[in-house]
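Trainee: Submitted below is the structure of interest, expressed as C-alpha cells.
The values are calculated or read from the model by the stated rules, or taken from the named source; none is laboratory data. Nothing here was measured: the structure is a model prediction, and the numbers come from that model. Reconstructed Cβ throughout: ideal geometry from the backbone, glycine too, with neighbour counts over all protein chains shown. We work out accessible area using only protein heavy atoms, side chains counted, and drop any ligands, DNA or RNA first. Shrake-Rupley method; radii C 1.70, N 1.55, O 1.52, S 1.80 Å.
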Amino acid sequence: LATVAVPTLGDLCLIDVVEDGRWRRLAASHADPAHRDAAEELRLRYVPVPGTGHPAAVALRERRPQWSPDIDARWLRATTSDAHHAELLEGMGLSGYIAVPLEVDGEPLGVVTLARGSRGRRFTHDDVVLAEELAGRVAVVVSKARRYDREHEIAVALQRSMLT
C-alpha cells in the first residue's frame, strides 16, 4: 500500500497498526529517493504515542480523519517526539497531511498517514474521501490477516496437544 500510495496520493505514506494496545509502524515510504532513509528512520524510531497530539494518535482516538492542507515548523515541533523527529520531517519539506483510522466493525486497527511536500498540490476534502476509501479497504485486509493468524495459532496449538 505504501509504495502504491506514493507518489499517487502523497509524497510520504506511513502505516501504523495497533495490536494489544501497542503501536507498530509497518511501513514508511517516500516518493523522493533522497528521503527514503529518513522515511525508514520514521518507521523504526518514531511510532505515534497514544494520548499525544500526533495526527495518527488523534485520528485513532477520535476515530475520524485528521487533515490539514498546511503545516509549518511550529506545528511539526508540537506533534513530534523530539527535535530530531521534527528535523526529519522538516527536511522532507512537508506541507500537508491526512491521517485516516483503519477500522473494521468498530474495532480500531491502526492509521494510514499521507503527507505532501511543499512543491506538490495541496490536500483537499476530495483527497480525504479517497484516503478514507483506501483505508477502509486496507482495514479489511488487516482484519482478515489477523483472523487468519489467530486461526493458524489455534490449529497449531490443537495439533501439538494431539501429539502427546
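Trainee: Condition first: more than 10 Å from the chain's Cα centre (by Cα), under 14 Å from residue 15 (Cα atoms) and open to solvent by 10 Å² or more (accessible area, probe 1.4 Å). Now tell me which residues in region 31-45 satisfy that.
Mentor: Within region 31-45, 40, 41, 44, 45 meet the criteria.
Trainee: Oh, and also: I need the full set of residues from region 10-39 which are of a type in the set (A, V, I, L, M) and in contact with a Pro (Cβ under 6 Å, 6 or more places away or on another chain), in order please.
Mentor: Result: 31, single match.
Trainee: Continuing with this model, one more query. Looking at (1) at pLDDT 95 or above; (2) closer than 26 Å to residue 124 by Cα; (3) not small (Gly, Ala, Ser), which is the one condition that is false for residue 77?
Mentor: Here residue 77 meets the rest and fails (1).
Trainee: Filter region 48-72 down to residues that are in a loop (DSSP other than H, G, I, E, B) and without any contact (Cβ under 8 Å) to a residue 24 or more places away in the chain and give me whichever is surrounded by the fewest Cβ atoms within 10 Å (Cβ to Cβ).
Mentor: The selected residue is 51.
Trainee: Any chance region 99-111 includes a residue that's part of a loop (DSSP other than H, G, I, E, B) and surrounded by 18 or more Cβ atoms within 10 Å (Cβ to Cβ)?
Mentor: Looking through region 99-111, none of the residues is part of a loop (DSSP other than H, G, I, E, B) and surrounded by 18 or more Cβ atoms within 10 Å (Cβ to Cβ).
Trainee: Would you tally the residues in region 18-48 being closer than 21 Å to residue 107 by Cβ and not basic (Lys, Arg)?
Mentor: Result for region 18-48: 9.
Trainee: Testing residue 154 on (1) outside any strand (DSSP E or B); (2) of a type in the set (Val, Ile, Thr); (3) open to solvent by less than 90 Å² (accessible area, probe 1.4 Å), one condition comes back false. Which one is that?
Mentor: (3)
Trainee: Still on this structure: Count, please, the residues in region 112-149 that happen to be closer than 23 Å to residue 79 by Cα, open to solvent by 30 Å² or more (accessible area, probe 1.4 Å) and assigned to a helix (DSSP H, G or I).
Mentor: Residues flagged as closer than 23 Å to residue 79 by Cα, open to solvent by 30 Å² or more (accessible area, probe 1.4 Å) and assigned to a helix (DSSP H, G or I) within region 112-149 amount to 2.
Trainee: Residues that are among the hydroxyl-bearing types (Ser, Thr, Tyr), at negative phi and open to solvent by 70 Å² or more (accessible area, probe 1.4 Å): does region 5-24 have at least one?
Mentor: yes
Trainee: Something else now. Has region 31-46 got any residue that is among the small types (Gly, Ala, Ser), assigned to a loop (DSSP other than H, G, I, E, B) and touching a strand residue (DSSP E or B) at 6+ places or on another chain (Cβ under 6 Å)?
Mentor: No, region 31-46 contains no residue that is among the small types (Gly, Ala, Ser), assigned to a loop (DSSP other than H, G, I, E, B) and touching a strand residue (DSSP E or B) at 6+ places or on another chain (Cβ under 6 Å).
Trainee: Right, another one. Would you confirm, using the coordinates I've provided, whether residue 87 is touching a residue at least 40 places away in the same chain (Cβ under 8 Å) and open to solvent by 60 Å² or more (accessible area, probe 1.4 Å)?
Mentor: So residue 87 does not fit the description; no.
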